[in-house]
Amino acid sequence: MASYFISSARFCTSKYPIAVHLSKPLLLPSKPSKFPFSSNRFISFQNIPTKSPPPLLSSSSTSTPLQPMEELPPKLQDIIKLFQSVEEPKAKYEQLMFYGKNLKPLDAQFKTKDNKVEGCVSQVWVRAYLDEDKNVFYQADSDSVLTKGLAALLVNGLSGRPVPEVLKISPDFAVRLGLQQSLTPSRNNGFLNMLKLMQRKALELLIEAKKGSGSSGNGQIVNDNSEKPVESSSLDSKADENSGVGSSSLKGSEESSGGLGSRGMRIKEKLERELSPIELKVEDVSYQHAGHAGVRGSDGETHFNLKIVSKEFEGKSLVKRHRLVYGLLDQELQSGLHALSIVAKTPSEVEAK
Amino acid sequence: MEGLVVKLPSFPFLSPNISSSSSSSTFRLGFRRFSASISAAVNEGFVSLGQLTRPDFPILHQEVNGSKLVYLDNAATSQKPTAVLKSLQNYYEAYNSNVHRGIHYLSAKATDEYELARKKVAAFINASDSAEIVFTRNATEAINLVAYSWGLSNLKPRDEIILTIAEHHSAIVPWQIVAQKTGAILKFVSLDENEVPDVEKLREMISTSTKLVVVHHVSNVLGSVLPIEDIVIWAHAVGAKVLVDACQSVPHMVVDVQGLDADFLVASSHKMCGPTGIGFLFGKSNLLLTMPPFLGGGEMISDVFLDHSTYAEPPSRFEAGTPAIGEAIGLGAAIDYLSGIGMQKIHDYEMELANYLYEKLCSVPNIRIYGPKPSDDIHRAALCSFNIENIHPTDIATFLDQQHGVAIRSGHHCAQPLHRRLGVNASARASLHFYNTEEDVDNFIQSLNDTVSFFNSFK
């Protein structure tokens with residue numbers, strides 16, 4: 001069955017360049033200036049799946065072909081096709097807002113700094129979690145209606161999928177939506193940052209899950225992430241997922257390396273010496289708190305997440321365990337360490353799961 | 001009004017081909033004649049200043065997203081007239097050369113033009129001497145210059161710096177950094193019931209511990225104007241200095257640093273129809289003379305040895321490295337253009353526009369405009385930051401842009417403390433300049449109403 005498809009990637013104009021396929025399923029790479037209506041040279045007939053094929057890029061966009069639709073999660077493909085079928089821009093916005101309206105609200109407890117999308121002029125939060133099959137699920141919220149719509153689009157499109165598939169998604173699919181969402185990786189690009197955050201969280205969750213640690217995640221987490229199913233503890237990675245940061249251990253007191261300053265090292269040494277932990281994770285999350293009062297006047301190492309699995313905690317109540325740790329780190333607390341978030345477990349607790 | 005055609009003689013600056021080799025004095029003469037004609041035309045009411053000057057700004061004549069561009073983001077940056085564009089091009093085509101040290105013809109000419117630009121800036125703000133003008137990259141760098149140079153060498157523990165919560169981040173953050181290093185204390189004046197910084201409170205806060213008062217002249221969010229002369233009098237009475245952030249005032253009204261008696265004043269070229277990459281600090285001579293260098297390097301030295309160097313006199317002392325020569329000359333051209341119209345004329349026109357904008361905005365249901373209500377005593381600048389109930393400003397700005405080609409800004413406008421005090425995360429802001437017209441405002445309001453109904457219909 002052959003068909004060719006007329007569409008317009010720029011919906012605000014009335015021109016309708018002819019969409020062309022030369023190789024399936026990749027789009028024509030940059031022959032952008034050759035859009036004359038009358039030129040028939042570029043039209044070819046070939047088998048195209050009956051659902052609407054991807055439209056051609058407008059001349060102003062990238063010269064590299066878009067990621068093939070088949071690589072995208074199926075629900076996302078459906079959403080894209082839906083948007084493509086809606087041509088009028090105003091109607092697209094309505095569609096977007098409709099998604100946003102139907103987005104499940106996000107509980108206030110998840111509106112944490114760790115879940116906030118950087119670089120949005122509006123506020124956007126994204127929460128991620130894995131099910132038993134290691135598929136990632138998302139929830140999101142925003143105070144701006146359009147951003148909420150975009151978030152909903154991503155949540156609906158990506159939820160329930162295996163992590164590797166989510167990680168493979170390239171943000172340029174947004175071009176197909178025809179919403180003219182900018183893809184420039186600038187500070188203000190909420191859409192791009194949302195997707196990146198979702199991908200990063202998915203990766204973190206997967207890494208955590210694979211290590212088999214932190215599954216009884218009812219940690220006494222002192223900071224704001226208190227949640228039952230396995231949430232990603234904020235790995236200290238800003239942008240790139242795999243910048244070797246404290247991803248935690250297998251048994252055998254592996255350390256969290258990467259990125260610990262002198263105080264972090266001291267903390268680690270002290271805890272190792274005094275508690276002989278079978279698992280120790282020291283994470284510097286000071287950057288998350290860089291704005292507020294506790295940090296002023298310090299050298300930057302002010303907030304840490306600690307995860308300690310040690311026999312020393314046996315027989316001690318939670319409060320006593322924390323007191324023990326605080327006691328050991330008293331000197332640090334006197335000299336500029338502002339806050340600790342402690343998960344303190346015994347080996348049996350961790351094994352019991 | 002009958003169908004009278006106003007025949008405007010073609011003046012040098014309306015026609016694009018200005019060669020800068022013609023002496024600047026004929027240039028200025030042309031402006032004076034033009035200015036007279038503008039007054040005539042505008043006074044007779046045949047055409048507004050906006051309509052008259054629009055043709056000089058090529059960028060305004062385009063379509064975005066399928067609609068005619070309506071540019072209302074002038075507080076963020078202004079557009080440039082052809083005269084400025086040409087002067088930049090001409091610099092690079094005819095006499096680009098490094099300044100101050102060269103012997104040859106081109107460099108002498110570049111130096112002349114660069115220093116002439118400095119004189120133009122001095123004259124524009126009525127500084128007594130062009131040596132009181134230090135060229136910087138922008139106003140932010142100028143404030144940092146004062147902070148690091150004057151601040152670090154003059155502030156002691158428990159010295160007080162007074163600011164308002166409505167200051168731009170560039171007027172707050174450098175002082176936070178310096179306060180941390182010197183032990184000085186920052187004190188902030190909040191807003192009064194008119195949503196303007198409380199000037200009475202500010203007066204009370206000034207004490208013998210005060211060493212510096214940092215205030216904006218015109219607020220980029222509230223549109224309010226502060227009584228700088230009074231503030232300077234109060235500050236000087238206790239021996240404190242005053243740094244005036246004039247970024248939103250210099251482009252829009254007559255600013256007279258001698259009349260204000262300000263110690264420091266900063267502004268950016270890109271907000272006053274000049275190119276980006278250049279701004280200036282005005283500092284009183286006696287102050288600049290006592291200040292140590294900011295950045296070190298070439299141009300700001302006198303002699304350099306291996307173990308020490310001696311420094312040049314101001315303003316060179318604070319201008320390390322090759323300056324933004326073309327840009328400074330472009331700023332000079334912008335000043336010529338503005339002077340040709342007359343800052344008072346620009347101010348009067350923008351006052352009308354400001355009132356018109358405010359009135360029209362008030363008619364939008366559920367709108368909350370920040371800042372004072374205009375009256376006989378209270379004049380607002382031609383900008384309005386606002387929020388509409390239940391609609392996020394980003395949604396408004398996005399829709400306005402995509403559906404109507406209207407460019408406004410949404411966010412905190414580099415004034416987070418102010419927004420926190422107002423109790424919002426972000427606001428939308430429309431800001432005008434003398435090349436905007438009432439039609440622009442009408443267009444904006446119409447589009448805004450359409451936007452509001454779109455989002456409301458969805459609830």
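The values are calculated or read from the model by the stated rules, or taken from the named source; none is laboratory data. Bear in mind the structure is a predicted one, so any value in this text is a computation, not a measurement. Cβ placement follows ideal geometry from the backbone for every residue including glycine, while neighbour counts extend to all protein chains displayed.
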Original post:
Given (1) among the small types (G, A, S); (2) crowded, with 19+ Cβ neighbours inside 10 Å; (3) at positive phi, where does B:G183 come up short, assuming only one miss?
Top reply: (2)
Original post:
Do we have B:V99 as closer than 21 Å to B:G274 by Cα and crowded, with 23+ Cβ neighbours inside 10 Å here?
Top reply: no
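What residue, of B:N436, B:N425, B:N390, B:N366, is under 24 Å from the mean Cα position of the chain (by Cα) and either outside the structural domain of B:S219 (by the TED database) or basic (K, R) (or both)?
The unique qualifying residue is B:N436.
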**OP:** Within segment A:60-72, identify whether any single residue is touching an Asp or Glu at 6+ places or on another chain (Cβ under 6 Å), modelled with pLDDT under 90, under 22 Å from A:L146 (Cβ atoms) and of a type outside the set (G, A, S), and answer yes or no.
**Re:** no
Subject >> Scope segment B:388-405; condition surrounded by fewer than 20 Cβ atoms within 10 Å (Cβ to Cβ) and touching a helix residue (DSSP H, G or I) at 6+ places or on another chain (Cβ under 6 Å); matching residues >> reply: none
Subject >> Top-ranked residue of segment B:129-152 - restricted to ones that are out of contact with any Ser or Thr (no Cβ under 8 Å at 6 or more places or on another chain) and among the small types (G, A, S), ranked as nearest to B:W234 (Cα to Cα) >> reply: B:A147
Original post:
Do you know which residues across segment B:406-459 are within 12 Å of chain A (Cβ to nearest Cβ), polar (S, T, N, Q), touching a residue at least 60 places away in the same chain (Cβ under 8 Å) and surrounded by fewer than 21 Cβ atoms within 10 Å (Cβ to Cβ)?
Top reply: B:Q416, B:N456
Subject >> Residues that are part of a helix (DSSP H, G or I) and closer than 25 Å to B:K345 by Cβ, drawn from segment B:418-433 >> reply: none
Original post:
Within segment A:65-110, how many residues turn out to be over 19 Å from B:I391 (Cα atoms) and among the aromatic types (F, W, Y)?
Top reply: 2
**OP:** Go through (1) within 25 Å of B:I165 (Cβ to Cβ); (2) at pLDDT 95 or above; (3) more than 14 Å from chain A (Cβ to nearest Cβ) and name the single condition B:S375 misses.
**Re:** (2)
**OP:** Please enumerate the residues belonging to segment A:86-117 that are more than 26 Å from B:S457 (Cα to Cα) and away from chain B (no Cβ under 14 Å).
**Re:** A:D107, A:A108, A:Q109, A:F110, A:T112, A:K113, A:D114, A:N115
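Would you point out which residue out of B:A397, B:A328, B:A382 is within 14 Å of chain A (Cβ to nearest Cβ) and in contact (Cβ under 8 Å) with a residue 24 or more places away in the chain?
It is B:A397.
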**OP:** Kindly check whether there is at least one residue in segment B:318-325 that is buried (at least 22 other Cβ atoms within 10 Å of the Cβ) and part of a helix (DSSP H, G or I).
**Re:** yes
**OP:** Report whether or not B:Y105 is crowded, with 22+ Cβ neighbours inside 10 Å, of a type in the set (F, W, Y) and farther than 26 Å from B:I206 by Cα.
**Re:** no
**OP:** Please go through segment B:350-386 and pick out each residue that is part of a helix (DSSP H, G or I), surrounded by fewer than 18 Cβ atoms within 10 Å (Cβ to Cβ) and in contact with a Pro (Cβ under 7 Å, 6 or more places away or on another chain).
**Re:** B:N355
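Find the residue count for segment A:123-153, including only residues that are polar (S, T, N, Q) and either away from every other protein chain (no Cβ under 14 Å) or outside any loop (DSSP other than H, G, I, E, B) (or both). Quick ask: steps written out before the conclusion?
Restricting attention to segment A:123-153, the residues satisfying the condition of being polar (S, T, N, Q) are A:123, A:135, A:139, A:142, A:144, A:147.
Okay, now just the ones that are also either away from every other protein chain (no Cβ under 14 Å) or outside any loop (DSSP other than H, G, I, E, B) (or both), so A:135, A:139, A:142, A:147.
The qualifying residues number 4.
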**OP:** Kindly check whether there is at least one residue in segment B:147-157 that is farther than 19 Å from B:K211 by Cβ, surrounded by fewer than 17 Cβ atoms within 10 Å (Cβ to Cβ) and either touching an Asp or Glu at 6+ places or on another chain (Cβ under 7 Å) or in the same structural domain as B:V250 (by the TED database) (or both).
**Re:** no
**OP:** Name, by its number, the condition in (1) without any contact (Cβ under 8 Å) to a residue 40 or more places away in the chain; (2) in contact with a Phe, Trp or Tyr (Cβ under 9 Å, 6 or more places away or on another chain); (3) not aromatic (F, W, Y) that does not hold for B:I161.
**Re:** (1)
Original post:
Has segment A:110-122 got any residue that is in a strand (DSSP E or B) and either without any contact (Cβ under 8 Å) to a residue 40 or more places away in the chain or in contact with a strand residue (DSSP E or B) (Cβ under 9 Å, 6 or more places away or on another chain) (or both)?
Top reply: yes
Subject >> Among residues of segment A:155-166, those that are in a helix (DSSP H, G or I) and in contact (Cβ under 8 Å) with a residue 60 or more places away in the chain, counted >> reply: 5
